[in-house]
Amino acid sequence: MGSDANRLRRKWQDYSGANASTAEMDFFKTFEVLFEDTEYAVRAKPKEFQSIYVDVELDEDELSEIYTPDEEITKHGVSPDFAIDNTKTGKTIYVELKRQDGWVEGKPRSAGRGNAHERLGKYFTPGLQKILRKESNLDDGVLPFWVVFQGNITRDPCRVREITLWFDDYTDHYFFWRDTSNPELLINHFLENIKPLLD
């Protein structure tokens, strides 16, 4: 672990020690505190992809088969929950938070029927990955996104297996934040797995 990561970890420990009364930190606040006075920044609802579908060109045959509204479409895109930027290197990773119910003790299997986790599938598509990777300035072979799961989905025996299979060898790109009252687990995952991609 590099000295830069250790500096960030010490910074967080100083903050969390002084603010131990805070029972649960949210994602944005956690990283806002961690990144204060550093080259890193966290942004909520990054807007760089909010119109990526607007300019997708369709051929005349396709256009003749679909509805064409009278009013021009000016906004149609993707809005990740967060972006983490390294302002020194110009690299960015896009973050999705997925909170979902799940099948756990005392609940029926149907408690895990939500599909919030399935909606992240768009980030695996070739076209969207190409756009995200270009904007993120990350190396080829690196997923340009990080998904943090919260809630009972993180303990659901079916959903955890699904997610593990989907990400395959890209285990660094997702995190089951099971104990949201302990942001240090999330920070450690970032420092060990995500931060090196941004350096």
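The values are calculated or read from the model by the stated rules, or taken from the named source; none is laboratory data. It should be emphasised that the depicted structure is a prediction, and the values quoted were computed from it without experimental measurement. As a convention, Cβ positions derive from the backbone with ideal geometry for all residues, glycine included, and neighbour counts pool all protein chains shown. Please note that ligands, DNA and RNA were not included when accessible areas were found on the heavy atoms of the full protein model with its side chains. Shrake-Rupley method; radii C 1.70, N 1.55, O 1.52, S 1.80 Å.
Worth pointing out:
- Selection status of residue 179, at pLDDT below 95, open to solvent by 30 Å² or more (accessible area, probe 1.4 Å), in contact with a Leu (Cβ under 9 Å, 6 or more places away or on another chain) and closer than 20 Å to residue 94 by Cβ: no
- A Cβ distance below 7 Å, combined with a sequence gap of six or more or placement on separate chains, defines the contacts here; from region 122-135, residues that are more than 16 Å from residue 163 (Cα to Cα) reach residues that are charged (D, E, K, R) and surrounded by 11 or more Cβ atoms within 10 Å (Cβ to Cβ) in the pairs 128/122; 135/48.
- Just one of the numbered conditions (1) small (Gly, Ala, Ser); (2) open to solvent by 10 Å² or more (accessible area, probe 1.4 Å); (3) closer than 19 Å to residue 163 by Cβ is not true of residue 106: (3).
- The set of residues from region 84-100 being open to solvent by less than 50 Å² (accessible area, probe 1.4 Å) and in contact with an Asp or Glu (Cβ under 8 Å, 6 or more places away or on another chain) comprises 86, 91, 92, 95, 96, 97.
- Among the residues making up region 35-74, those that are among the charged types (D, E, K, R) and surrounded by 10 or more Cβ atoms within 10 Å (Cβ to Cβ) are 36, 39, 43, 45, 47, 48.
- Within region 127-145, one or more residues are out of contact with any Phe, Trp or Tyr (no Cβ under 8 Å at 6 or more places or on another chain), closer than 24 Å to residue 30 by Cβ, open to solvent by less than 30 Å² (accessible area, probe 1.4 Å) and of a type outside the set (Phe, Trp, Tyr).
- Residue-level check: of (1) under 17 Å from the mean Cα position of the chain (by Cα); (2) surrounded by fewer than 15 Cβ atoms within 10 Å (Cβ to Cβ); (3) farther than 26 Å from residue 54 by Cα, residue 79 misses just (3).
- When residue 152 is tested against (1) touching a residue at least 60 places away in the same chain (Cβ under 8 Å); (2) of a type in the set (S, T, N, Q); (3) touching an Asp or Glu at 6+ places or on another chain (Cβ under 6 Å), exactly one condition is not met: (1).
- Among the residues of region 156-175, those identified as open to solvent by 30 Å² or more (accessible area, probe 1.4 Å) and under 16 Å from the mean Cα position of the chain (by Cα) are 164, 166, 170, 171, 172, 175.
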